[in-house]
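Just so you know, all these numbers are worked out from the coordinates, no wet-lab data involved. This is a predicted model, so every value here is computed, not measured. All Cβ positions, even for glycine, are placed from backbone atoms using ideal geometry, and neighbour counts span all protein chains on display.
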Amino acid sequence: MVNQERPNELVAKQIVEERLGVELEHADTHGGVDYKSADGKIALEVTAVTQGGNKGARDALKKSVKKGVPGVDLATCWLVFAPEGQANMKTFIQRVQPALAELERVGESYFRRERAAIHTIEGGPLAEIYRTLLNAGVEMASSAPHEVKSDAPSHVHQVLVSTGSGGSVSGSDESLERLLDALSDKIDNPQKLAATGAVQRHLFVWVNDDTWHNIARPLSRTSPSWADEGWGAPSVAPTLDPAITHFWVMHERSRLGWFWDGKTWSALSPE
């Protein structure tokens, strides 16, 4: 019995076919490799690295943003970073925006969790404001002064929230290292590829908005981060299981990705 193709498997197959100029056939019988060429020389296995479980938190945050905080106006927009998947995101804006407005009133334009925690423990003058932001899970917040365009006089300053998990990374090389660490638990992928006996054995890995931030960051968006130094294709060869000769990584939403052909990396994009 042939297992049904999942949508992300079909898209991955089409991307590989177009890039290599080959045709692949669905071959997943009883848990085998996903695709093979008719002559058996090429095999493709498709997988994903994702946390899952964060969609509910993102949806809750969207509702919180939509609800807003009537009567609590900001003097400028704020950029806020918080962990994804945390509880009580449905009231995130309602808790955070009033605290940011209080910071504005006392002349503050920046919040960093570590510094704020020490200030609060020591009973500093901003302890109550900081405690609200700490309890809401805010890691960092910064005011973003900007000119209000004449053609948009009704612009309402807002809290722009970015969420992520897994800590920070210095560039694509480190993100690749974290990705390979996450894949090390998926031992069935190289096993399936090795069993085919194919000359070219491709592993295609999807990441998405539920993937750890320190893995997906280089591929999660277009410029400016895509253009920043250190965020292009990796500069080091991936440490792969011998069963994997070719390696693909792509973000489901942005369609930005990397391809390792066994010798060099190349960047993939929707264009």
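The 3J(HN,Hα) values that the Karplus relation (6.51, -1.76, 1.60; θ = phi - 60°) gives for region 21-30 are, in residue order, x, 10, 10, 10, 10, 5, 9, 6, 10, 6 Hz. Gly and Pro appear as x. Phi-derived couplings, Karplus 6.51 cos²θ - 1.76 cosθ + 1.60 at θ = phi - 60°, listed residue by residue for region 110-116: 8, 9, 10, 4, 4, 5, 5 Hz, with x used for Gly and Pro.
From the alpha carbon gyration tensor of region 69-122, can you work out the equivalent ellipsoid semi-axes (sqrt of 5 times each eigenvalue) and give them in Å, largest to smallest?
18, 18, 10
Stokes-Einstein diffusion for region 53-96, with the hydrodynamic radius set to the Kirkwood value over Cα pairs and evaluated at 10 °C in a medium of 1.306 mPa s, equals 143 µm²/s.
For a straight C-alpha distance cut-off of 19 angstrom, the lysines reachable from Lys55 (same-chain residues fewer than eight places away being disregarded) are Lys63, Lys66, Lys67, Lys90. Set the Cα radius of gyration of the chain against 2.2 N^0.38 Å, with N its number of residues, and you get 1.24.
Straight-line reach from Lys13: taking Cα to Cα under 19 Å and skipping same-chain neighbours fewer than 8 places apart, the lysines in range are Lys36, Lys41, Lys192.
Treating only the Cβ of Lys, Arg, Asp and Glu as charged (+1, +1, -1, -1), what charge dipole size does the chain show about its Cα centre? Round to the nearest 20 debye.
Details: 28 positive and 36 negative charges, 146 e Å.
It works out to roughly 700 debye.
Against the empirical 2.2 N^0.38 Å scaling, what ratio does the C-alpha Rg of region 35-188 come to?
On the way: Rg = 20.9 Å, N = 154, 2.2 N^0.38 = 14.9 Å.
Its radius of gyration relative to the 2.2 N^0.38 Å reference: 1.40.
Computed from Cα atoms, the angle from the helix 7-20 axis to the main principal axis of the chain rounds to 60 degrees.
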